[in-house]
Structure formats: structure tokens, C-alpha cells
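The values are calculated or read from the model by the stated rules, or taken from the named source; none is laboratory data. This one's a predicted model, so the numbers in the text were calculated from it and none came from an experiment. A quick note on method: Cβ atoms are made from the backbone with ideal geometry, for glycine too, and the neighbour counts reach across all protein chains shown.
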Amino acid sequence: MVFIRAQAGPPNVGDPKSMFTVQYFDEKGNMTIRSGGKRSWRCNNPGNLLASPYTRGKDRRSIGTAGDGANEYAIFPDYETGHEALVVMLRGSVYTPLTLRAAMKRYDSTNPSYIDEIVKITKFDPERTIKSLSDKEFEMFWRAIEKVEKWEVGEEDFIEKWIISGVHKKHNVITEYLINSGNGSSWFAKQDAIKMAIEGRLHAIVVHLKKGTIYLRPEFRSNPFELIAQR
């Protein structure tokens with residue numbers, strides 16, 4: 001499944017703000033919700049990189065951001081893309097001249113023991129520069145960072161986005177929608193269909209009129225809803 005967009009979702013009931021869920025959307029509008037586990041997994045961001053012009057750049061291919069109010073993190077479409085963003089950054093002109101100690105201070109200034117954790121894993125001299133590391137040693141370095149940042153899988157929930165294929169009208173007002181799901185087609189009352197659209201489960205736009213009326217219309221460039229019956 002290819003995710004093209006992502007955003008933060010509300011924490012599960014009872015969880016703190018730091019346990020925000022992440023909502024991923026594919027090209028068909030279907031939504032996959034990641035909850036639990038660790039933030040790095042929820043965001044496909046093994047280095048827990050903060051959202052920045054770097055992560056938003058076209059070469060890094062982040063697809064959204066999510067945060068807890070204190071920090072905003074980049075969301076990537078998959079582990080490989082998030083991992084690449086970490087490695088390219090560490091191999092870049094900003095980090096390579098730095099010692100491991102200085103690099104870890106820049107990487108996460110809120111965790112003064114970060115370098116100690118890296119040294120414990122790699123056994124490297126913290127005064128060595130990143131550019132002095134061999135390819136094998138550099139791999140040990142980024143693996144240590146990903147270990148410190150923790151990658152723990154949680155739960156995924158898939159929510160298919162359904163299509164409205166027809167409507168029933170009474171006195172020229174829509175009363176029911178025929179909705180196509182993975183289990184077939186079923187008729188839903190107007191209010192139920194509107195609730196589903198508000199939840200992001202339908203390919204439809206929710207329209208609010210000034211007088212308080214709410215109705216659904218097709219998404220941009222989609223075909224009009226087909227009239228099945230008029231009463």
C-alpha cells in the first residue's frame with residue numbers, strides 16, 4: 001500500500017497527548033491509523049526527525065507532520081524513506097565534520113546522555129568525527145541512533161473509504177444514499193451517510209449551508225450521484 005498523505009490523529013482514550021495516533025491515506029482515500037508502539041514507528045521516522053525544511057524537501061519525501069504540542073515530527077510514507085532521511089542528514093555537510101559528541105548534542109539537545117548511549121552501543125571514541133567512520137562503522141552509528149530512538153510496532157486499523165453510487169429522493173430531497181463498500185452495496189439514511197462523511201469514510205464533500213442544512217456533494221471532478229428512485 002502506498003501512502004500519499006498523513007496527519008496526526010487524536011490519542012486513544014486514556015492516552016496522553018504524546019501518544020497521538022497517525023492517520024495515513026492512500027491514493028484511493030482509504031485510511032490506515034497507527035496507534036500504540038513508539039512514535040518512530042507511528043511516523044515511519046526511525047530517527048524521530050523533527051519536521052523542518054529539510055524533511056519537507058522534495059528529495060526527502062515526507063508526507064505530513066504530527067506532534068504533541070511541544071514538538072512536530074516528520075511523517076514518511078515508509079520506514080525506508082524515513083531511514084534514508086536520517087542517513088542522508090548524517091552524511092551531509094552539517095554533521096560530517098562534527099565529533100560524535102557534538103553531533104549528538106546537535107541531534108537532540110534535550111538529552112545530554114545521548115552520546116553515552118551511543119558510545120555504550122558502538123564503543124566508539126566520542127571525540128571521533130563522523131567523517132572518520134568507515135562505512136561499516138557509520139552503519140553501526142546510525143543503527144545505534146535508531147536503537148536509542150526505539151522502533152516498536154503498535155496497532156494498525158484500516159478504514160476503507162466508500163463510494164456513493166446512488167440516491168433516493170422524496171419530494172426532490174435526498175433521503176438515502178447507496179454506498180458501495182468492500183462487502184457490497186447498502187442503503188443508508190441521509191444522516192448516517194453525513195456522519196460517515198464527516199468521519200472521512202466516504203468519497204463525498206460535506207456542505208454546510210448558512211440556514212443550517214447539511215448535505216453531501218460529489219468530490220471535485222467526480223460524477224454526480226445517480227438518482228435511483230424519486231418519490
Selection from region 79-105 of residues that are touching a strand residue (DSSP E or B) at 6+ places or on another chain (Cβ under 8 Å) and loosely packed, with under 15 Cβ neighbours inside 10 Å:
97
Here is a list of conditions, (1) at pLDDT 95 or above; (2) out of contact with any strand residue (DSSP E or B) (no Cβ under 6 Å at 6 or more places or on another chain), and residue 34 meets all of them except one; can you say which number that is?
(2)
In the list 131, 195, which residue meets the criterion of being outside any strand (DSSP E or B), closer than 30 Å to residue 103 by Cα and without any contact (Cβ under 8 Å) to a residue 40 or more places away in the chain?
131
Test residue 66 against the criterion of being modelled with pLDDT of 95 or more, in the same structural domain as residue 33 (by TED's automatic domain parsing) and among the hydrophobic types (A, V, I, L, M, F, W, C), and give yes or no.
yes
Please count how many residues of region 8-25 are over 11 Å from the mean Cα position of the chain (by Cα) and under 22 Å from residue 197 (Cβ atoms).
1
Region 181-216, subset in contact with a Phe, Trp or Tyr (Cβ under 8 Å, 6 or more places away or on another chain) and among the charged types (D, E, K, R), residue modelled with the lowest pLDDT:
201
If you go through region 1-43, how many residues are aliphatic (A, V, I, L, M), loosely packed, with under 15 Cβ neighbours inside 10 Å and under 24 Å from residue 219 (Cβ atoms)?
3
Would a scan of region 77-87 turn up a residue that is more than 15 Å from the chain's Cα centre (by Cα), modelled with pLDDT of 95 or more, within 25 Å of residue 1 (Cα to Cα) and among the β-branched types (Val, Ile, Thr)?
yes
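From the list 225, 188, which residue is assigned to a loop (DSSP other than H, G, I, E, B), surrounded by 14 or more Cβ atoms within 10 Å (Cβ to Cβ) and in contact with a strand residue (DSSP E or B) (Cβ under 6 Å, 6 or more places away or on another chain)?
Answer to the selection: 225.
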Within region 58-82, track down each residue that is hydroxyl-bearing (Ser, Thr, Tyr) and in contact with a Leu (Cβ under 7 Å, 6 or more places away or on another chain).
73
